[in-house]
Amino acid sequence: MSIVNEKLIDTILFDVGSTFTKATAMDNVAGELVWLARAQAPTTVKDINRGLGAALDGLAAALNAKTITARNVQATSSAAGGLRMVAMGFMPRVTAKAAKEVAMNAGARVLEVMSFEDKPENKLEMLCEIRPDIILLAGGTDGGNQASLLEDARLIVDSKVNAVVVLAGNVSIQPQVEAILQQAGIRTIRVANVMPTIHSLNVKPAREAIHEQFIHQITEAKGLGKLMERLTVKKVIPTPGAVLLATELMAKGTREEKGIGNLAVVDLGGATTDIHSVLPYLEELSIEEKGLIVTNEKQLSYRTVEGNLGLRVSARGILEAAGEKAILARAGLEGESLEKSLHGYAAQLEANPEYLAMSNQDKLFDRAMAGAAVEIAFKRHAGYIAQSFDPVMGIVPGTPVGRDLRRIKAVIAVGGIFTSLSTDEAAAIIRDAVHNPGISLLPKENIRVIIDKTYLLYAIGLLAEYRPTQALRLAKRHFGLAD
């Protein structure tokens, strides 16, 4: 095939990660988006533009062109890391739930949750130690508790942290709290209360405010301003957020195209293991069936991030969580010498995160650690079958508590370990991870497992806001889910 000088296509989608910059090309054929090719290059931290250029060159080569341009260019990024976030509120469970929901796809990492149960001096110490980029200041339903917001605002002033405060508590006291913070030179962003009533969460305004701060941070990083210049949509979405948006789109569908129903995504990386689940059936529950939504996992979308479970940077975290014996047993191995070898291998991975398993033993270790990480992450994400009475909560033995994943129809697996294996080998890691649920409400073992070999999910998430039906149809065809 001859090489053309310049090729114009419909869409190029970038993902600027901490290690690799990925580029995906798509075209419009008879009104439908068609996946063309993907390429990647090492992310160049000092000047992100070099990595972008190299990824584009690889994409052009894959399409037999010297250069490539597109009508639509969008991007996700995780290169700048997440904003360091602290949440402060009144009720501990409510604040923790709101903080997780707000940070779920906004580009923030919740490092601490504080409530009335924490002593003021302890809160002050934590603020000074963490030095957060952003503080979610919540507390009180609208018209409810006011004292906690006022007290926490004064503690923030005393801490002298250089943070942006997203004020998302009781709206009746927000003006007074804002005045306290602004008089101390602390930048504040007022948004709607994250918990306006006892039965509901309203996290979107706070999430959007934090997302804007994420964009501001990455555009100030070296070279990332040049990324914005390349884009036709002047908005960079955090990569985990894009994956969640893709999961929601595929599960729920659009008016024109039916979704596939209850869906989970396992994103196993070098530093973390993320679980996303979207359960459309929960939207059909009545308020009585949901109960207090802020104290359970009965919302439509849910994401958990296990920061100590990763196949490279956090490899020893998997050993600490599962134990060397249990990990070796997954590979049919045992023995003290192998336990020492596994421990040494994990230490080597943390010291050299770019290492690729070469020997058969290293490959077995990788798969076994991957299975352990996925199982632990799933069990932390999922609910469980109660084993004892709780008269206060009205729980009896046998009652499902927390997020019930047993209705999940499919699991999509993302990550280098899955792309490096055959489809059957990669799917086996997921199936083995849910094989022995115990009391956990895990997906069934016969679940459909889909491997995202081409890292398409972030791209689907980018397209979800502007071209949802086209994006959904592309995803269903690409993953073999078309009706």
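Every number in this text was worked out from the coordinates using simple rules, so none of it is lab data. Here the structure is a predicted model, which means the values were calculated and not measured. Quick reminder, even Gly has a Cβ in these numbers, built from the backbone with ideal geometry, and neighbours come from all protein chains shown.
Which of 407, 255, 207 comes first, and how do the rest follow, when ranked by fewest Cβ neighbours within 10 Å?
Starting with the residue having the fewest Cβ neighbours, the order is 255, 407, 207.
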Label-point separation in nm, residue 406 to residue 183, each point 7 Å along Cα→Cβ = 5.6 nm
Entries of 258/409; 204/409; 97/476; 123/235; 97/123 with Cα pairs more than 25 Å apart | 204/409; 97/476; 123/235
Report the one residue of 469, 347, 357 whose Cα lies farthest in the direction of the positive end of the charge dipole of the chain (charges on C-beta: Lys and Arg +1, Asp and Glu -1; origin at the Cα centre).
-> 469
Cβ under 15 Å from residue 27's Cβ, residue 27 left aside: what net charge do those residues give with Lys, Arg +1 and Asp, Glu -1?
-> +3
Rounded to the nearest 20 debye, dipole of region 83-216 from Cβ charges on Lys, Arg, Asp, Glu | 260 debye
Debye-sum result for region 1-158 in log10 I(q)/I(0), which assumes one identical scatterer on each alpha carbon, at q = 0.21 Å⁻¹ = -1.20
Exposure-ranked with fewest Cβ neighbours within 10 Å first, 226, 476 stand as 226, 476
With the convex hull built on the Cα atoms of region 362-443, state its orientation-averaged projected area in nm².
-> 6.0 nm²
Mind checking the dipole of the chain: about its Cα centre, +1 per Lys or Arg Cβ, -1 per Asp or Glu Cβ, Debye to the nearest 20?
-> 940 debye
Would you work out which of 127, 98, 141 lies farthest towards the positive end of the dipole of region 83-216? Charges go on Cβ: Lys and Arg +1, Asp and Glu -1.
-> 98
Proxy reagent accessibility, fewest Cβ within 10 Å first, across 117, 445, 112 | 117, 445, 112
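Run the helix sum for the chain: -39,500 (n - 2.57) per DSSP H stretch of 4+ residues, divided by residue count, reported at 222 nm to the nearest 500 deg cm²/dmol.
Helix-only estimate at 222 nm: -12000 deg cm²/dmol.
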Kindly state, to the nearest 0.05, the FRET efficiency for residue 396 paired with residue 354, given R0 = 56 Å and r defined as their beta-carbon distance.
-> 0.65
Residues other than residue 90 with Cβ under 12 Å of its Cβ, Lys/Arg counted +1 and Asp/Glu -1, net out at -3
Test item: Cα-centred dipole of region 143-243, Lys/Arg +1 and Asp/Glu -1 on Cβ, debye | 420 debye
For region 83-216, what is the convex hull (Cα atoms) projected area averaged across all directions, in square nanometres?
-> 6.6 nm²
Applying 1/(1 + (r/R0)^6) with R0 = 25 Å to the Cβ-Cβ distance of residue 234 and residue 20, what FRET efficiency is obtained, to the nearest 0.05?
-> 0.60
Answer with one residue from 113, 422, 378: the one whose Cα lies farthest towards the positive end of the charge dipole of the chain, charges on Cβ with Lys, Arg +1 and Asp, Glu -1.
-> 422
What is the gain in length, in nm to one decimal, between residue 320 and residue 423 on full extension, counting 0.36 nm per residue of separation less the C-alpha to C-alpha distance?
-> 34.2 nm
Taking all pairs of distinct alpha-carbon atoms in the chain, Kirkwood radius in angstrom = 23.9 Å
With the label point 7 Å along the Cα-to-beta-carbon line of residue 469 and a cut-off under 20 Å to each amide N, the hits in region 25-64 are 27-35
